Amino acid sequence: MYNLIGAGLIVIGGGIGLGQIGGKAMEGIARQPEAAGKIQTAMIIIGALLEGLAFGALILGK
Amino acid sequence: MKISSLRIHFLAVISFLLIGSFASAQEHDVAEHHGGGAVDTQEEITEYTNHHLKDAHDFHLFSYTDAAGERQHVGFSLPVIVWSSNGLVSFMSSEFHHDTDGEVIVEANGSRFVNLHEHIYELEEGAEAVVMDEEHHPINAHKVFDISITKSVFGIILVGLLLLFWFGSLGRQYKKKNIPTGFGRALEPLVIYVRDEIARPNIGEFKYKKYMSFLLTVFFFIWVSNLLGMTPFGFNITGQIAVTVCLALFTFVIVQFSGNKDYWKHIFWMPDVPVIMKIILIPIELLGILTKPFSLLIRLFANITAGHVVVMGLIALTITLREQFGAVGSTGLSLVLTLFISLIEILVAFLQAFIFTMLSALFIGMAVAEHDHHHEHDAEGHEIDDVEDVRESFV
Amino acid sequence: MDQLLNDFSPGLFLMQAVILIILILLMKKFAWKPILNSLDEREQGIQGALEAAEKARLEMKNLQADNEKALQEARVERDAMLKDARDIRTKMIAEAEEDAKAQASKIITQAQEAIAAEKRAAVAELKSQVAALSLEIAEKVVKDELSDKKKQMQYVEKMLQDATLN
């Protein structure tokens, strides 16, 4: 039961983080469309780092 | 000419392996074990999914019940090679008769083995059957060091052969002409992509060459393995924790061995901070060394596992929703949803390979980077963090 | 975590490690080295070709600039020559005019001088002839009149009358 609550919290946190990353990246691309490639790569990397964190927490809590 | 004859040869080997084994491996299985039996209930679906996610000692494609009411399994058996108390022992996995509950005891080389949820256990002296404790751990058997050609090992070898075949022929093409033709034309941009988008910007113009072999091999290995997991053969190579641990360990070892003086200095005596902070930072940085490969291996494993679970769950809709939507409705729904999620999984297959390679390159780049501590200052005199610092603070 | 540790198979790990090392080595020898080398070669070739093209373009540009310069110089020279010629022409015309004028005025002066000289000569001759004539007349008159007093007087008077008329 507590595991599930923890997993939910992780997903909420991760979701907020991913949303922030994606949103800011979109803003950045909208402001500077010519830098879209670089922003995208950076976004994916940061997203992956966040994902690693969330997955790590999920697996450790399981 | 050489290439085409080699291709035929290669295909012949593969098809011989598959067809030949199908013919010989059809066998009878009287008992209705779960894992081998028909899948109907929620529990059986969960069990089937879990079974798929695990490594297996035989190559099982599908099962059906024939006219005589007997379960027929289509697939082929793979060799089991274990290091037991009597030395190296090998036998074919067909001797277990698709049993994964530790009921069938195989005797080989003076040792007796059971297959318990795809882990090979060696029975201790005098034991006649596996005895479990309350937590379903056997008390009269112990795990053996299992270097069998399991389904995953088979898949790894297959991926390796595919890569060798594809890129080997691409490499040979350059001897005769400058521009590759055929399939090589699709592979070449991928190699250039890994070099120009992953290795060069992250490791640096002058040092990237040394790591290209590792990065390219790992990139294509993960990608092809991920895609192989999308095929109906039921491979789940990159969803095996041992495989991702191994891949991440390679990155870890390479990073530690290519770390220069600056890298170690940043770990054990962080420059530009007060002495107390230096001491506090040492354990944090040491932990960081370990968390980097850990996040690498967990990310790959979890993504692929999650993908397989979702795909299998959606396929299982055809069973779970049969009562609500009828056979056609539930199958249609399952088909549409599975198709949709499979497209995403194909993207994820590439993305995970890309991210694994990208982060490996990033970690290597951080280890070999020449730091200079003359940071640029902007107009107001604030320090502008360079990319390296930003990345470091994230990892 | 327990589940994961339980699922971790050291055998699979070993197999993967061994196969991966072998794969990396084989791929390095048979695939990555030739591929990356020829990619590098090709890129260097392209780079070289681009540089050569750029060089050729620059040379072409220089050549064109040279041509342009020569053309410009020629044009300037031509203009100068034309200007010189025009100057010479005007000068020549002016000189000729000047000459002609001088010549003309000289001729006129000479003519005038000649006329004046003729005139003077004519006047002188006329004077001498008048003098001779006068003498002759005087002689005759004297001869005549010396014979007749009255007549003498008459004649002188008449002569004088004539002289005033003259």
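The values are calculated or read from the model by the stated rules, or taken from the named source; none is laboratory data. Quick caveat: nothing in here was measured; it's all calculated off a predicted structure. When we count neighbours, we look across all protein chains shown, and the Cβ atoms used for this are built from the backbone with ideal geometry, even at glycine.
Identify the residue in region B:294-323 that is within 15 Å of B:Thr46 (Cβ to Cβ), in contact with a Leu (Cβ under 7 Å, 6 or more places away or on another chain) and away from chain A (no Cβ under 14 Å) and, among all such residues, is modelled with the lowest pLDDT.
If we take residues in region B:294-323 being within 15 Å of B:Thr46 (Cβ to Cβ), in contact with a Leu (Cβ under 7 Å, 6 or more places away or on another chain) and away from chain A (no Cβ under 14 Å), then B:Leu317 is modelled with the lowest pLDDT.
Within region B:77-107, count every residue that is touching a Leu at 6+ places or on another chain (Cβ under 8 Å) and buried (at least 17 other Cβ atoms within 10 Å of the Cβ).
Step one: filter region B:77-107 for residues touching a Leu at 6+ places or on another chain (Cβ under 8 Å), giving B:81-82, B:92-93, B:100-102, B:105.
Then drop every residue that is not buried (at least 17 other Cβ atoms within 10 Å of the Cβ), which leaves B:81-82, B:93, B:100, B:102, B:105.
Total satisfying the criteria: 6.
Can you find a residue in region B:297-310 that is buried (at least 16 other Cβ atoms within 10 Å of the Cβ) and more than 24 Å from B:Gly239 (Cα to Cα)?
no
From the residues in region B:109-130 that are under 26 Å from B:Ser63 (Cβ atoms) and more than 14 Å from chain C (Cβ to nearest Cβ), which one is modelled with the highest pLDDT? Before the answer, list the steps.
Applying the first criterion (under 26 Å from B:Ser63 (Cβ atoms)) to region B:109-130 yields B:113-121, B:129-130.
Restricting the remaining residues to those that are more than 14 Å from chain C (Cβ to nearest Cβ) gives B:114, B:129-130.
Details: B:Val114: 84, B:Ala129: 76, B:Val130: 78.
Looking at residues that are under 26 Å from B:Ser63 (Cβ atoms) and more than 14 Å from chain C (Cβ to nearest Cβ), I get B:Val114.
Test C:Asn6 against the criterion of being under 30 Å from A:Ala57 (Cα atoms), more than 7 Å from chain B (Cβ to nearest Cβ) and part of a helix (DSSP H, G or I), and give yes or no. Spell out how you get there, then give the answer.
Details: under 30 Å from A:Ala57 (Cα atoms): yes; more than 7 Å from chain B (Cβ to nearest Cβ): yes; part of a helix (DSSP H, G or I): yes.
Judged against the criteria, C:Asn6 is a match.
Taking the conditions exactly as written (surrounded by 13 or more Cβ atoms within 10 Å (Cβ to Cβ) and either farther than 30 Å from C:Leu5 by Cβ or out of contact with any Leu (no Cβ under 8 Å at 6 or more places or on another chain) (or both)), does A:Gln40 satisfy them or not?
Values: surrounded by 13 or more Cβ atoms within 10 Å (Cβ to Cβ): yes; either farther than 30 Å from C:Leu5 by Cβ or out of contact with any Leu (no Cβ under 8 Å at 6 or more places or on another chain) (or both): yes.
Judged against the criteria, A:Gln40 is a match.
Filter region B:232-255 down to residues that are of a type outside the set (S, T, N, Q) and part of a loop (DSSP other than H, G, I, E, B) and give me whichever is farthest from the other protein chains (Cβ to nearest Cβ).
If we filter region B:232-255 for residues that are of a type outside the set (S, T, N, Q), which is where we start, we get B:232-235, B:237, B:239, B:241-243, B:245-250, B:252-255.
The next check asks that each one be part of a loop (DSSP other than H, G, I, E, B); those that pass are B:232-235, B:237, B:239.
Values: B:Pro232: 22, B:Phe233: 18, B:Gly234: 16, B:Phe235: 13, B:Ile237: 9, B:Gly239: 10 Å.
Going through the qualifying residues, I end up with B:Pro232.
Answer yes or no: is there a residue in region C:56-65 that is surrounded by fewer than 13 Cβ atoms within 10 Å (Cβ to Cβ), assigned to a helix (DSSP H, G or I) and within 14 Å of chain B (Cβ to nearest Cβ). Outline the logic, then answer.
Within region C:56-65, the first condition is being surrounded by fewer than 13 Cβ atoms within 10 Å (Cβ to Cβ), and the residues that meet it are C:56-65.
Those still in the list that are assigned to a helix (DSSP H, G or I) too: C:56-65.
When the remaining residues are screened for being within 14 Å of chain B (Cβ to nearest Cβ), the result is none.
No - not one qualifying residue is present in region C:56-65.
For A:Ile5, are the conditions met, namely being more than 26 Å from C:Leu5 (Cα to Cα), of a type in the set (A, V, I, L, M) and either assigned to a helix (DSSP H, G or I) or in contact (Cβ under 8 Å) with a residue 40 or more places away in the chain (or both)?
Numbers: more than 26 Å from C:Leu5 (Cα to Cα): no; of a type in the set (A, V, I, L, M): yes; either assigned to a helix (DSSP H, G or I) or in contact (Cβ under 8 Å) with a residue 40 or more places away in the chain (or both): yes.
It is false that A:Ile5 is more than 26 Å from C:Leu5 (Cα to Cα), of a type in the set (A, V, I, L, M) and either assigned to a helix (DSSP H, G or I) or in contact (Cβ under 8 Å) with a residue 40 or more places away in the chain (or both).
Are there any pairs, at least 6 apart or on different chains, whose C-beta atoms fall under 6 Å, with the first in region B:131-143 and farther than 18 Å from C:Phe8 by Cα and assigned by TED's automatic domain parsing to the domain that holds B:Gly87 and the second assigned to a loop (DSSP other than H, G, I, E, B) and of a type in the set (D, E, K, R), and if so, which?
Between residues of region B:131-143 that are farther than 18 Å from C:Phe8 by Cα and assigned by TED's automatic domain parsing to the domain that holds B:Gly87 and residues that are assigned to a loop (DSSP other than H, G, I, E, B) and of a type in the set (D, E, K, R), the close pairs are B:Ile139/B:Asp133; B:Asn140/B:Glu124.
So, in region B:194-231, how many residues would count as being within 17 Å of C:Leu36 (Cα to Cα), within 12 Å of chain C (Cβ to nearest Cβ) and among the aliphatic types (A, V, I, L, M)?
The number of residues fulfilling the criteria is 6.
For B:Gly326, are the conditions met, namely being on the phi > 0 side of the Ramachandran plot, away from chain A (no Cβ under 14 Å) and either small (Gly, Ala, Ser) or surrounded by fewer than 20 Cβ atoms within 10 Å (Cβ to Cβ) (or both)? Walk me through it before giving the result.
Details: on the phi > 0 side of the Ramachandran plot: yes; away from chain A (no Cβ under 14 Å): yes; either small (Gly, Ala, Ser) or surrounded by fewer than 20 Cβ atoms within 10 Å (Cβ to Cβ) (or both): yes.
Yes.
Find the residue count for region B:129-168, including only residues that are among the charged types (D, E, K, R) and over 14 Å from B:Ser111 (Cβ atoms). Even if it seems obvious, please write down each step before you answer.
We begin by selecting, within region B:129-168, every residue among the charged types (D, E, K, R); these are B:133-135, B:143, B:146, B:151.
Imposing the further condition that a residue be over 14 Å from B:Ser111 (Cβ atoms) reduces the set to B:133-135, B:151.
So the answer is 4.
Residues that are within 44 Å of the chain's Cα centre (by Cα), part of a helix (DSSP H, G or I) and among the basic types (Lys, Arg): does region C:92-111 have at least one? Show your work before the answer.
First, the residues of region C:92-111 that are within 44 Å of the chain's Cα centre (by Cα): C:92-111.
Remaining after also requiring part of a helix (DSSP H, G or I): C:92-111.
From what's left, among the basic types (Lys, Arg): C:101, C:106.
Checked against the condition, which is being within 44 Å of the chain's Cα centre (by Cα), part of a helix (DSSP H, G or I) and among the basic types (Lys, Arg), region C:92-111 yields at least one hit.
Can you confirm whether region B:131-150 contains a residue that is in a helix (DSSP H, G or I), crowded, with 17+ Cβ neighbours inside 10 Å and within 9 Å of chain C (Cβ to nearest Cβ)?
Of region B:131-150, the ones in a helix (DSSP H, G or I) are none.
Checked against the condition, which is being in a helix (DSSP H, G or I), crowded, with 17+ Cβ neighbours inside 10 Å and within 9 Å of chain C (Cβ to nearest Cβ), region B:131-150 yields no hits at all.
Condition test on B:Thr291, is it within 14 Å of chain A (Cβ to nearest Cβ) and at pLDDT below 90?
Values: within 14 Å of chain A (Cβ to nearest Cβ): yes; at pLDDT below 90: yes.
When the stated conditions are applied, B:Thr291 passes them.
Filter region A:11-59 down to the residues that are without any contact (Cβ under 8 Å) to a residue 12 or more places away in the chain, under 30 Å from B:Val245 (Cβ atoms) and within 13 Å of chain B (Cβ to nearest Cβ) and list them by number.
Listed by number, the residues that qualify are A:Thr41, A:Ile44, A:Ile45, A:Ala48, A:Leu49, A:Gly52, A:Phe55, A:Gly56, A:Ile59.
Among the candidates B:Val390, B:Val348, which residue alone is part of a helix (DSSP H, G or I), of a type in the set (Val, Ile, Thr) and modelled with pLDDT of 90 or more? Outline the logic, then answer.
Working: B:Val390 fails: modelled with pLDDT of 90 or more.
It is B:Val348.
In region B:149-190, which residues are among the polar types (S, T, N, Q) and out of contact with any Pro (no Cβ under 7 Å at 6 or more places or on another chain)? Don't jump to the end; show me each part of the working.
The initial filter retains those residues of region B:149-190 that are among the polar types (S, T, N, Q), namely B:150, B:152, B:169, B:173, B:178, B:181.
If the condition is that a residue be among the polar types (S, T, N, Q) and out of contact with any Pro (no Cβ under 7 Å at 6 or more places or on another chain), then B:Thr150, B:Ser152, B:Ser169, B:Asn178, B:Thr181 are the ones that fit.
Return only the number of the condition from (1) more than 18 Å from B:Thr150 (Cα to Cα); (2) within 7 Å of chain B (Cβ to nearest Cβ) that C:Ile46 does not satisfy.
(2)
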